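The values are calculated or read from the model by the stated rules, or taken from the named source; none is laboratory data. Quantities reported herein were computed from a predicted structural model and do not represent experimental measurements. Using ideal geometry, Cβ is built from the backbone for each residue, glycine included, and neighbour counts are taken over all protein chains shown. Side chains are part of the model used for accessible areas, which takes the heavy atoms of the whole protein and leaves out ligands, DNA and RNA. Shrake-Rupley method; radii C 1.70, N 1.55, O 1.52, S 1.80 Å.
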Amino acid sequence: MCTHEFEVRFTLKSIPQIKDEFEGAVKVDDFEIETQEGKIFGKSSISIESNDPVLAESLAERVAIKKIEELASIFTLAFQTAYKIDDFSVVRKPIIEKTESGQIVVSVFDKARITEDVKITKKTPKEIVENQYYFWKDRLSRLDKEKRDILLRVLKWWRKGSFDDDNVDKFLHYFIALEMFALLLTGKDEISKNEFEEVCKNIGVTFRLDNEYDIKWVRNKLMHAKGEEKEKAEELAEKYANRLGTEITQAIKKIIEESALTT
């Protein structure tokens, strides 16, 4: 079995309205990260055992995406700012072969791209970045694997919503995250409207918008209705999308902390 070494380089970006910058380079686990012009640039390494070089590269790409997605989710928890992968590359590390005449070095490097303007910059000391990363990673690691995997998927949907420019789409992504979260908390495959309302009440998420329309009604009318009902649903989604997103992340963080303390 051969060992294939790869270098992973990636870029994370946050929602356009907020840009985070760290003070200096930060090392967490096997990641080395720093910020430039509001984006997070990072690198890591991956080792793959395989006799098939093509398969090894494919596996390295899948492992890289999983690692970076988890990093983005942990930072989302730590700073309540959505992050997503903007660019990444997996390249085989330089291969040095000795020959009779000397050495042959084979190397390939990709450069990350910077394309987005910065609107607001927050300076975060590297110590806070490190502390927050390990704090939330520790809390997640205390959960059983199934619960942890579901929470990471919930966060992935929440991050998708945060990057939507359209508040209606944002609302729909947040709703999916909330519904998955509610199913996790109840331990059920399906959940009734009354159970969903009770979960929302318990975790501090607004269920009735304008004290009249419940969020399940809004979601259903956005997807299936026409005319005045759809227009009303779109109006409510526009009005409450950002509030819903904030309430969901606060609830997720609270549940993770409480669950970690009981394990």
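Structure notes:
- Residue match in the range 179-194 (condition: closer than 20 Å to Leu236 by Cα and modelled with pLDDT of 95 or more): yes
- Residues within the range 10-30 that are at pLDDT 90 or above and within 17 Å of the chain's Cα centre (by Cα), tallied: 4
- Residue match in the range 159-168 (condition: more than 13 Å from Glu238 (Cα to Cα), among the charged types (D, E, K, R), at pLDDT below 95 and surrounded by 18 or more Cβ atoms within 10 Å (Cβ to Cβ)): yes
- Within the range 147-158, the residues that satisfy the criterion of being open to solvent by 20 Å² or more (accessible area, probe 1.4 Å) and either in contact with a helix residue (DSSP H, G or I) (Cβ under 9 Å, 6 or more places away or on another chain) or outside any helix (DSSP H, G or I) (or both) are Lys147, Arg148, Ile150, Leu152, Arg153, Lys156, Trp157.
- Subset tally (residues that are assigned to a strand (DSSP E or B), of a type in the set (Ser, Thr, Tyr) and without any contact (Cβ under 8 Å) to a residue 60 or more places away in the chain) for the range 1-60: 5
- Residue check, Ile65 modelled with pLDDT of 85 or more and open to solvent by 60 Å² or more (accessible area, probe 1.4 Å): yes
- Out of Thr35, Thr81, sole residue that is under 18 Å from the mean Cα position of the chain (by Cα), open to solvent by less than 30 Å² (accessible area, probe 1.4 Å), of a type outside the set (Asp, Glu) and farther than 16 Å from Lys126 by Cβ: Thr81
- Of residues in the range 129-146 being open to solvent by 80 Å² or more (accessible area, probe 1.4 Å) and under 25 Å from Glu32 (Cβ atoms), the one farthest from the chain's Cα centre (by Cα): Asn131
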